[in-house]
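First comes the structure, then the notes that go with it.
The values are calculated or read from the model by the stated rules, or taken from the named source; none is laboratory data. For clarity, every value in this text was computed on a predicted model and none was experimentally measured. Glycine also receives a Cβ, built like all others from the backbone with ideal geometry; neighbour counts cover every protein chain displayed.
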Amino acid sequence: MKKIVCTVLLCLFAGTAVAGTVKIGAVQPLSGKISVYGEGFQRAINLAVEEVNNAGGIKGQDLEIVYEDNLSTAQGSVSALQKLISIEKLPVVIGPAASSNFLATCPIAEREKTVFIGAESAASDISTCGSYVFRVFPSDMLQGIGVAKLAEELDYKEVALTYINNDWGVGLANAFKEKYKGKIVEEFTYDEGKADYRSEILRLKKNNPAAVVNLTYIKEGGTMLKQAHEMKFNPQWLLGSAAKSPKLVELAGEAAEGIIGTYPTFSKTSGLYEHYKTAFAKKYPDEKLPIFGEYNYDMIHLLAKALNNADALTSDSIRASLISASQGFEGVTGDLSFDENGDVGASYGRWSVKDGKIIEN
Amino acid sequence: MLELHSIYKSFGGNQVLRDVSFALDNKTPITGLIGPNGSGKSTLFHVVMGFYSQDKGRVLFNGQHLDTLPPEKRCHSGLSCTFQDSRMLTFMTVLENLTAIPTPQHGESLVKSFFSPLLVHRQEKEIQEKARDILELLSLSSLADAPAGSLSYGQRKLLEIGRVMMTDPQLVLLDEPTAGINPTLIQSLVKILETLVQRGMRFFLVEHNMPLVSQLCDRVLVLDAGELIFDGCATAAKKDKNVIQAYLGSDGYVEA
Amino acid sequence: MYYLQLFINGIVAGGVYALFAVGLTMVYSVFRFINFAHGELIAWGAYGVLLFASPPFSLPLWLSVFPAILLVIAIALLQNHMVFAPLRNSQPVTLLIASIGLSFLLRSGLQLYFGSDLHSYQTSFYESIDLGGLMISYVQLAMLCLSILFFVILHLLLSKTLTGKSMRAVSDSMELAGIYGIPTRKVSVFVWIISAVFAASGGFLLALDTSLDPMMGLTFMIKSFAAVLLGGVGNVWGALLGGLCIGIIENMGTAFISPGYKDLTAFVLIIVILLFRPQGILGSTIRGVR
Amino acid sequence: MEYLLHIGIVCLIYILFASSLNLELGCAGLYNFGHVGFFAIGSYTTALLTLSGYSVWFGLLAAMLVAGLSGLIFSWPVLRLTGDYFGIASLAFAEMVRLFLLNERWLTRGPMGLPGIPRVEILGYSGNTVTLLTALVITVVSLFCFKKILTSPFGRTLKLIREDEHVARAFGKDVVSFKTRTMAIGSAFGGLAGGLWAHYLGYISPNDFSLQLTVLVLLCVVLGGRGTLLGPIVGAVLVVSVGEGLRFLPLPASMTAGVAHIQSMLFGLVLILLMLRRPQGIIAESHLIQET
């Protein structure tokens, strides 16, 4: 019996050695509070990896993503990153979602000289993380300004501001408050992950504003919209990009009718976005388009391009080729050229919900 | 020494102690308190120790008011007690059960135990010696390092006396010390009590065992349904009409 | 008007807290430990309804509530048999940590099967009734009525029926009741059934009003504890009163302090109650279910 | 190599954190479920101080003092409660601390957290090895203090109070003062562990100090064996290494989502089996062996 076991083990290891894949690390929230988003990112990344490998992979070898779960905590993210860097010795690692986890890990990546690229962390502090740190997701400075511009374009002189009490919400709100010239009638935060926001909505209703800027996630946004509608409070809701998902419409039902939000515009012209949507639907028939999935998809393609024309698989050469590859790189989420501190610019389009569907214009 | 002035105590509607007053002086070595079940003996015991607070009346010890003091402050004034069910600390060793008792100990203040270890060490040695002498007296020194849980019921009663001796009390309240232990052990307990009386310790014995009470106690108080019905020497108590009636109903008798 | 509406929100939210607190208070008074896994019964209740309403069974929503409650009862009994019964006479902290382990087990099991994505019952939208400016949605009304209905049934059960009396006896002291021939096993099973029914129905209502996510049980745990303590441990009516108080104070608070501190009121209440009236409003120093 | 250093540092911090809880839970019988609150107070104190220019050592010292003080202030009103009630009150306290940190944005930048906390530095070096050494020295010194406390008459009286408060009071032990002092010491060392954590991680945010951390440290104490000195050490090392060890399961990429859930199911199962089979923990306090 022992002989069989060790032969099986042998070929198992042999199997991985022969294929010789190019490995990239990925610290993702697969369990814990924000595992909802982690699974969505993973599907988008796997889709992109599949496409890269079909198109020849990296210099003939397959691209492989080594996932590490960070339990949605800062400590978990640090452990995962340390393992990927010192055990797996990976030159490039995809950073965790949520700014708090990203901020906890980027100093380590900087110290270990590992290329660290994030697709969902909006905090403006990340721009000053270091030269090895990049981000394909626009800093919340830009998003906050985007929402402020939206409010002004729809000429709302007075607006109530409410936002979810976490790093994403507060970051955006600060940026919004600086840029928005109109009067903020009411401003308060509300807890993440609660079930009953009726009292908060009442506080908004008290000075019945024409429009309410609500920077929220899907679960909280859906609940608030529904409960507001129940209480016959129907202002013009202005939302951020984190709530732009068919799941929100599913949760809020009719209450979602007519809400408007901003999102970093996609280059409609190159049809990449249509391609991404159809490819995703083919690979995951019963899954909905994950929120921020496009950014992960673009990130993989950008990395693939950078790895292909990097002369050696060391982090320094990858870093150089990444910066050059990103100039003028047209992804699903638009132009991804990095500025000096590894951020991408973004122009903002508008999305709204009409009879149950999300329309981008 | 111990004075109680018209103590009243009731739980809900039922009046447990009604106008109980008596005084224990330094002369009578062992005073007994007897009475049928439910006459309020243990309640009186707990009132003196401070675990229950009386509704009315005052408790004085050597002229000092005890009513305002919580139980932990009362024993500094020289009052101590044993428990009916000898609450031993089963997991600590026999020696530890004794050495943990004296308060205050220098070792108990963290500042001292870190910064003046000599002081602590010296006091610790004294306490250890005192504990070993007591174990010698109780002939338990062979079990010094055994966990108290392994002692037999009788040995625990003896250890409890030892524990009380650690605080060098002036008056000790004994709550049925001989309940459930065999006669030979009772005699050794009596012998120990007598030696302690020579050392100047006074006892207030709450007990059912009539022969023991008459053998030990010079003065007996009888409590019935919360009232003090007799205060005098043991032999007179046996003949007293009220005491008999209280114990055995109207036509009972008490053998000599 | 504005405060009246807050008051009504408070009552409804309080009703939900009370529904969960009942299970907790009964388990605590009979078994003397804080059941951390109670939150997961709530989550399984909500997901159970989703399970029976989706493809393999696809019963209409209202019909699938009953099999879901049966499922939660089965879980509660299994959990009692496998974990809590063998540990009956160990220290409370051991039971507590076992219940923490159980809550991890049940919650991750839920995530494994249903995925940690957000779900919701695809139901038609609910309008709300307009009582002169005061808004109550049908779901809120349903929640309130159901809580009151359950409490009345429970009250009758506790005071009138034999099992109810024996439950109160067992809660006073398990051994004593056993000696008098009260079938303590039957009674403890009964306690688990009731707390499961309350938890499952509460979970379903909560999910109907908002959405389902695996963590929903956890967020309600501390609030339900507060309700149990405020009302007086073991006192069923106390749990209702405690829940309502917390709901009302919490919601009224949002008008004054920033809603970010909404949970703070429950925590401050816990500490204040424990200090000044450890036995709670309706509680009395003598333990046991009333 | 860095990864092993990382695990070493996390182990040491968990050992310090678990031992300080053990002093309260194991020796004094205070079920303190809010220990993470003091951990958070320690982290934020040293973070805020070092970010505004003070040296790291001063920050750590201040963390200990502030955490100890808050332990004192917290325990003064709450100590009259026993057992479960004390547990819930301390749980509520920890959540209050987290909410305070989350909402007082003027002080703690709220959910944005505090990035860029300086690392521990000796003679100019500040790599992981230096942090490991400092953590090692601090933990060993703290364990020595705990040993001294446990074996001193103070520790003996503490056990007396834990087992039978009635007898302790009958013999004149000022129970409340003993418990308050234990709470103060326990939270001081808890705060110190928090300070070390902040300087190692470099970034802290209120949501790191959640209920999950309390449960984890509770597991370390109970798994290892409460009331003993060695217990929390063994418990902490086991919990951290098992947690990290599960990362090395050779699993295909697509399955990782499932594995995370299975991992926490295993965690729950271990907890239950532990309580069923050996509630007193691996290194049992001498007397508990016969008791089961």
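For D:LEU101, indicate whether it is closer than 17 Å to D:SER43 by Cβ, crowded, with 23+ Cβ neighbours inside 10 Å, more than 9 Å from chain C (Cβ to nearest Cβ) and touching a residue at least 24 places away in the same chain (Cβ under 8 Å). Against the criterion (closer than 17 Å to D:SER43 by Cβ, crowded, with 23+ Cβ neighbours inside 10 Å, more than 9 Å from chain C (Cβ to nearest Cβ) and touching a residue at least 24 places away in the same chain (Cβ under 8 Å)), D:LEU101 qualifies. Report yes if A:GLY38 is in contact with a Pro (Cβ under 6 Å, 6 or more places away or on another chain), within 26 Å of C:HIS119 (Cβ to Cβ) and either within 11 Å of chain D (Cβ to nearest Cβ) or at pLDDT below 85 (or both), otherwise no. So A:GLY38 fits the description; yes. Among the residues in segment B:163-185, are any in contact (Cβ under 8 Å) with a residue 40 or more places away in the chain, within 14 Å of chain D (Cβ to nearest Cβ), surrounded by 21 or more Cβ atoms within 10 Å (Cβ to Cβ) and in a helix (DSSP H, G or I)? Yes, the conditions are met somewhere in segment B:163-185.
Mind listing whichever residues of segment B:67-104 are assigned to a loop (DSSP other than H, G, I, E, B) and either over 19 Å from the mean Cα position of the chain (by Cα) or away from every other protein chain (no Cβ under 13 Å) (or both)? Across segment B:67-104, the qualifying residues are B:ASP67, B:THR68, B:THR90, B:PHE91, B:MET92, B:PRO104. Exactly one residue out of D:SER19, D:SER75, D:SER43 is within 30 Å of D:VAL120 (Cα to Cα), in contact with a Ser or Thr (Cβ under 8 Å, 6 or more places away or on another chain) and crowded, with 22+ Cβ neighbours inside 10 Å, and it is D:SER19.
Do we have C:PHE198 as modelled with pLDDT of 80 or more and within 14 Å of chain A (Cβ to nearest Cβ) here? Here the answer is no, as C:PHE198 does not meet what is asked.
Per-residue answers, yes or no, for (1) surrounded by 24 or more Cβ atoms within 10 Å (Cβ to Cβ); (2) over 15 Å from A:GLY32 (Cβ atoms); (3) not polar (S, T, N, Q):
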| position | (1), (2), (3) |
| --- | --- |
| D:GLY195 | yes, yes, yes |
| D:LEU201 | yes, yes, yes |
| D:ASP208 | yes, no, yes |
| D:LEU213 | no, no, yes |
| D:GLY231 | yes, yes, yes |
| D:GLY235 | yes, yes, yes |
| D:ALA260 | yes, no, yes |
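Inspection of segment A:52-67 identifies at least one residue that is at the interface with chain D (Cβ under 9 Å from one of its Cβ atoms) and surrounded by 24 or more Cβ atoms within 10 Å (Cβ to Cβ).
Taken over segment D:150-174, the criterion of being part of a helix (DSSP H, G or I) and facing chain B (nearest Cβ under 7 Å) is satisfied by D:PRO153, D:PHE154, D:ARG156, D:THR157, D:LYS159, D:LEU160, D:GLU163, D:HIS166, D:VAL167, D:ARG169, D:ALA170. On the stretch given as segment B:138-185, residues that are more than 18 Å from B:ALA100 (Cβ to Cβ) and basic (Lys, Arg) total 1. Taken together, the criteria exclude B:VAL94 from residues that are more than 30 Å from D:THR151 (Cβ to Cβ), crowded, with 21+ Cβ neighbours inside 10 Å and modelled with pLDDT of 80 or more. Test A:TYR190 against the criterion of being touching a residue at least 12 places away in the same chain (Cβ under 8 Å), of a type in the set (Ser, Thr, Tyr) and within 11 Å of another protein chain (Cβ to nearest Cβ), and give yes or no. For A:TYR190, the condition - touching a residue at least 12 places away in the same chain (Cβ under 8 Å), of a type in the set (Ser, Thr, Tyr) and within 11 Å of another protein chain (Cβ to nearest Cβ) - is met.
The residues of segment A:92-113 that are of a type outside the set (Asp, Glu), in a loop (DSSP other than H, G, I, E, B) and either buried (at least 24 other Cβ atoms within 10 Å of the Cβ) or within 9 Å of chain D (Cβ to nearest Cβ) (or both), listed by number, are A:GLY95, A:PRO96, A:ALA97, A:ALA98.
Applying the set (1) within 16 Å of A:PHE41 (Cα to Cα); (2) in a helix (DSSP H, G or I) to A:ILE291 leaves exactly one unmet item: (2). Suppose we keep only residues that are part of a loop (DSSP other than H, G, I, E, B) and of a type in the set (A, V, I, L, M, F, W, C) within segment D:200-234. Which one would you say is farthest from A:ASN165 (Cα to Cα)? My answer is D:LEU229.
Could you tell me whether segment C:272-281 includes any residue that is within 14 Å of chain A (Cβ to nearest Cβ) and at pLDDT 80 or above? Taking every residue of segment C:272-281 in turn, none turns out to be within 14 Å of chain A (Cβ to nearest Cβ) and at pLDDT 80 or above.
Among the residues of segment B:105-115, is any within 12 Å of chain D (Cβ to nearest Cβ), closer than 22 Å to B:ASP231 by Cα, in contact with a Cys (Cβ under 9 Å, 6 or more places away or on another chain) and among the aromatic types (Phe, Trp, Tyr)? Within segment B:105-115, none of the residues are within 12 Å of chain D (Cβ to nearest Cβ), closer than 22 Å to B:ASP231 by Cα, in contact with a Cys (Cβ under 9 Å, 6 or more places away or on another chain) and among the aromatic types (Phe, Trp, Tyr). Before we move on, is A:TYR295 of a type outside the set (Asp, Glu), at pLDDT 80 or above and farther than 18 Å from A:PHE137 by Cβ? Criteria not met by A:TYR295. Scanning segment A:126-185 for residues that are within 18 Å of the chain's Cα centre (by Cα), part of a helix (DSSP H, G or I) and not aliphatic (A, V, I, L, M) turns up A:SER127, A:ASP140, A:GLN143, A:GLY144, A:GLY146, A:ASP167, A:TRP168, A:GLY169, A:GLY171.
Six or more apart or on different chains, Cβ under 7 Å: which pairs go from a residue in segment D:262-275 that's under 13 Å from D:VAL242 (Cα atoms) and more than 7 Å from every other protein chain (Cβ to nearest Cβ) to one that's part of a helix (DSSP H, G or I) and of a type outside the set (A, V, I, L, M, F, W, C)? Could you list them? Partner pairs satisfying both residue conditions: none exist.
Note on segment D:35-61: among residues that are free of Cβ contacts under 8 Å to residues at least 24 places away in the same chain and closer than 18 Å to D:GLU104 by Cβ, the one that is farthest from the chain's Cα centre (by Cα) is D:SER52.
State whether one or more residues within segment D:111-118 are in contact (Cβ under 8 Å) with a residue 12 or more places away in the chain and within 19 Å of the chain's Cα centre (by Cα). No - not one qualifying residue is present in segment D:111-118. Checking the structure you have, find out if any residue of segment A:228-238 is within 14 Å of chain C (Cβ to nearest Cβ) and among the polar types (S, T, N, Q). Yes: segment A:228-238 contains one or more residues that are within 14 Å of chain C (Cβ to nearest Cβ) and among the polar types (S, T, N, Q).
Applying the selection to segment A:273-315, what residues are in contact with a Leu (Cβ under 7 Å, 6 or more places away or on another chain), free of Cβ contacts under 8 Å to residues at least 40 places away in the same chain and charged (D, E, K, R)? The answer is A:LYS277, and nothing else. When you scan segment D:17-32, do you find a residue that is touching a residue at least 24 places away in the same chain (Cβ under 8 Å), assigned to a loop (DSSP other than H, G, I, E, B), over 27 Å from D:GLY127 (Cα atoms) and of a type in the set (A, V, I, L, M, F, W, C), even just one? Yes, that holds for at least one residue. Inspection of segment C:154-177 identifies at least one residue that is surrounded by 17 or more Cβ atoms within 10 Å (Cβ to Cβ) and under 18 Å from the mean Cα position of the chain (by Cα).
When A:GLU112, A:GLU153, A:GLU120 are checked against the criterion of being of a type in the set (Asp, Glu) and more than 26 Å from A:ILE318 (Cβ to Cβ), A:GLU153 stands alone in meeting it.
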